[in-house]
Amino acid sequence: MNTNRAKGMAMSVIALMLLAQPAAAGPVINIMGRVATVCRVSLAGGSPRVAENGKRDLGRLTELCNNVDGYRLVLLHPAGLEDAAVMVDGQRIPIASDSTRTVIVDSDHADYRDRNLTLLVADNTLAVPVNIEAQPKGMIF
């Protein structure tokens, strides 16, 4: 388990325990803390080559974002890709040929997930450079 993730989980548990209402009337101590916004994405295990059918396995997408308002994952790609799409866990998302950015995940809550990611391009397309960025939606601390 990632050290930052473990620290964040521990802080969350401690905060919940401290904010719970005491059973007996008496002094109450409220503690409030701010956790830094973490929003990141990574790819692992993909292939740099495009298969004959136009599929390029980009690998396993791991996303982590603790922003309470959610996040977006944006695929950065060159313009001019004709009939191209990306598959996120089997869901086809078209890539507009006149764009260089395609939103592939739009979440309204914090999350930690793993997904399969595949790029679909024309058969004669050579290697396509892509990148993915994570964008938190709400306030950033």
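What follows is calculated from the coordinates using simple rules that are stated; it is not laboratory data. Here the structure is a predicted model, which is why all the values come from computation and not from measurement. Heads up, the Cβs are rebuilt from the backbone with ideal geometry, glycines too, and the neighbour counts pull from every protein chain shown.
What tally of residues in region 57-73 results from selecting those that are out of contact with any Leu (no Cβ under 9 Å at 6 or more places or on another chain), surrounded by fewer than 18 Cβ atoms within 10 Å (Cβ to Cβ) and within 24 Å of Pro94 (Cβ to Cβ)?
Counting residues in region 57-73 that are out of contact with any Leu (no Cβ under 9 Å at 6 or more places or on another chain), surrounded by fewer than 18 Cβ atoms within 10 Å (Cβ to Cβ) and within 24 Å of Pro94 (Cβ to Cβ) gives 1.
Conditions first: (1) within 17 Å of the chain's Cα centre (by Cα); (2) part of a strand (DSSP E or B). Ala85 passes all but one, so which condition is the exception?
It fails just one condition, (1).
Cβ-Cβ distance below 7 Å, separation of 6 or more or different chains: which pairs start in region 95-121 with a residue that is closer than 24 Å to Arg49 by Cβ and end on one that is part of a loop (DSSP other than H, G, I, E, B) and of a type in the set (Asp, Glu)?
Note: pairs meeting the criteria are Ser97/Glu82; Arg115/Asp89; Asn116/Asp89.
Which number in (1) within 14 Å of Ala134 (Cβ to Cβ); (2) assigned to a strand (DSSP E or B); (3) of a type outside the set (Asp, Glu) marks the one condition that Arg92 misses?
Tallying (1) within 14 Å of Ala134 (Cβ to Cβ); (2) assigned to a strand (DSSP E or B); (3) of a type outside the set (Asp, Glu), Arg92 fails exactly one: (1).
Given (1) part of a strand (DSSP E or B); (2) out of contact with any Ser or Thr (no Cβ under 9 Å at 6 or more places or on another chain); (3) charged (D, E, K, R), identify the lone condition not met by Arg49.
(1)
Would you mind stating whether Asp57 is in a strand (DSSP E or B), among the acidic types (Asp, Glu), within 10 Å of Leu117 (Cβ to Cβ) and in contact (Cβ under 8 Å) with a residue 12 or more places away in the chain?
Criteria met by Asp57.
Condition first: crowded, with 17+ Cβ neighbours inside 10 Å and either assigned to a loop (DSSP other than H, G, I, E, B) or among the hydroxyl-bearing types (Ser, Thr, Tyr) (or both). Now tell me which residues in region 105-124 satisfy that.
Passing the criteria: Ala110, Thr118, Val121.
Out of the residues in region 125-141 that are of a type outside the set (Ser, Thr, Tyr) and farther than 21 Å from Leu43 by Cα, state the one that is surrounded by the most Cβ atoms within 10 Å (Cβ to Cβ).
So, considering only residues that are of a type outside the set (Ser, Thr, Tyr) and farther than 21 Å from Leu43 by Cα, the one surrounded by the most Cβ atoms within 10 Å (Cβ to Cβ) is Lys137.
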